[in-house]
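Below you'll find the structure I mean.
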Amino acid sequence: MQPVTIALAKGRPAKQSIDLLEAAGIHFEGFHEKTRKLVFFNKDKTLRLIFLKGMDVPIYVEKGAADIGIVGRDNIIETEADVYEILDLGIGKCKFSVAGKKGVSLPDNQSLTIGTKYPNIAKKFFDKRNQTIETVHLNGSVELAPLIGLADYIVDIVETGNTLHENGLEVLADIETISTKFIVNKASFVTRSKEIQDVLKKLEQVVSEKNANSPL
Ligand code: PRP
């Protein structure tokens, strides 16, 4: 039988995701967050792990190239992937915010230029305010845009707030909180139910133990 494929997002939450899998007794030989290798197997080859950009994980899962995804909700919302969002893994906690130069306010009566890796999320937020925006789609170091005059404001992820602070920017509005999710392909949820439930139960156990031990 084909192994169940887990798509795991590279980048910031990768280490926490690996630690979570390890704590659940799911081990992929030779896998670490800095690896350049892209495909790994567990010992009995029932599970295959593929390691890819966060924004691609929901796509792989929606299209059935992966059965399971472990990925930030930011990527799920932005891609609007049609997948089951099953479990909040309680890691990679951060928020989407609108930010701009310190001391500058966020006007609600004029069109704005927004630098962002997440144009869909930015558009939805400003649509709700009945405000038109032009998005400048960037792929990283988004905080640079208002400093150099490429955009008036940014919509981006804020975790510690250090990147904003170190670049003289501040949060002007919060959009929503996000964290890392366990997602499943809709067909696999039925056809590979037993194997997926097995992985899910192990992770649920670890997440609930972590929640029980964390201070309120
Ligand atoms: C993310 C995000 C911010 C930063 C926020 O970028 O786009 O730039 O992290 O984190 P902080 O609030 O803890 O400073 P990432 O580090 O993923 O790299 P990128 O700029 O290349 O996208």
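The values are calculated or read from the model by the stated rules, or taken from the named source; none is laboratory data. Since we're looking at a predicted model, the values are computed, not measured. When we count neighbours, we look across all protein chains shown, and the Cβ atoms used for this are built from the backbone with ideal geometry, even at glycine. All accessible areas refer to the heavy atoms of the entire protein, side chains included, with ligands and DNA or RNA removed. Shrake-Rupley method; radii C 1.70, N 1.55, O 1.52, S 1.80 Å.
With the Cα gyration tensor of the chain in hand, convert its eigenvalues to equivalent ellipsoid semi-axes via √(5λ) and list them largest first in whole Å. Could the numbers behind the result be given before it?
Values: eigenvalues 245, 62, 49 Å².
Calculated on Cα positions only, the semi-axes equal 35, 18, 16 Å.
For residue 56, what accessible area in Å² do you get when you roll a 1.4 Å probe over the heavy atoms of the protein chains, rounding to the nearest 10?
Per-residue accessible area (residue 56): approximately 70 Å².
Follow-up. Any idea of residue 55's accessible area? Nearest 10 Å², probe 1.4 Å.
60
Can you list residues whose amide H is under 5 Å from residue 178's amide H, if they're 5+ apart or on another chain and H is modeled 1.01 Å from N?
Amide H neighbours of residue 178, under 5 Å, 5+ apart: 94, 95, 96.
What does the accessible area per residue of the chain come to in Å², with a 1.4 Å probe and no ligands, DNA or RNA counted? The partial results should precede the final answer.
Values: 11610 Å² over 216 residues.
Ligands and nucleic acids excluded, the result is 54 Å² per residue.
Measuring from label point to label point, each 7 Å out along Cα→Cβ, what is the residue 34 to residue 22 span in nm?
Inter-label distance under the simple model: 1.4 nm.
List the aspartates and glutamates whose Cα lies under 17 Å from the Cα of residue 201, skipping any in the same chain that are fewer than 8 positions away.
Partners found: 19, 22, 67, 85, 88, 209.
Given a Förster distance of 30 angstrom, what is the FRET efficiency for residue 194 paired with residue 65, based on the Cβ-Cβ distance and rounded to 0.05?
On the way: r = 20 Å, r/R0 = 0.68.
It comes to 0.90.
Once every DSSP H run of n ≥ 4 in the chain is given -39500 (n - 2.57) and the sum is divided by its residues, what mean residue ellipticity at 222 nm do you get, rounded to the nearest 500 deg cm²/dmol? Numbers along the way, then the final one.
Numbers: 8 runs with 68 residues, N = 216.
Rounded to the nearest 500, it is -8500 deg cm²/dmol.
Beyond 15 Å, how much of the Cα-Cα pair distribution for segment 94-177 remains, as a whole percent?
Numbers: 1738 of 3486 pairs.
Here the long-distance tail beyond 15 Å is 50 percent of all Cα pairs in segment 94-177.
Any chance you could look up the accessible area of residue 190 with a 1.4 Å probe, heavy atoms only, rounded to 10 Å²?
110
Using alpha-carbon positions, what is the distance between the centroids of segment 28-96 and segment 133-151, in Å?
27
Would you work out what percent of the accessible area of the chain, with all protein chains in place, is carbon or sulfur (probe 1.4 Å)?
Details: 5720 of 11610 Å².
About 49 percent, which is the carbon plus sulfur part of the accessible surface.
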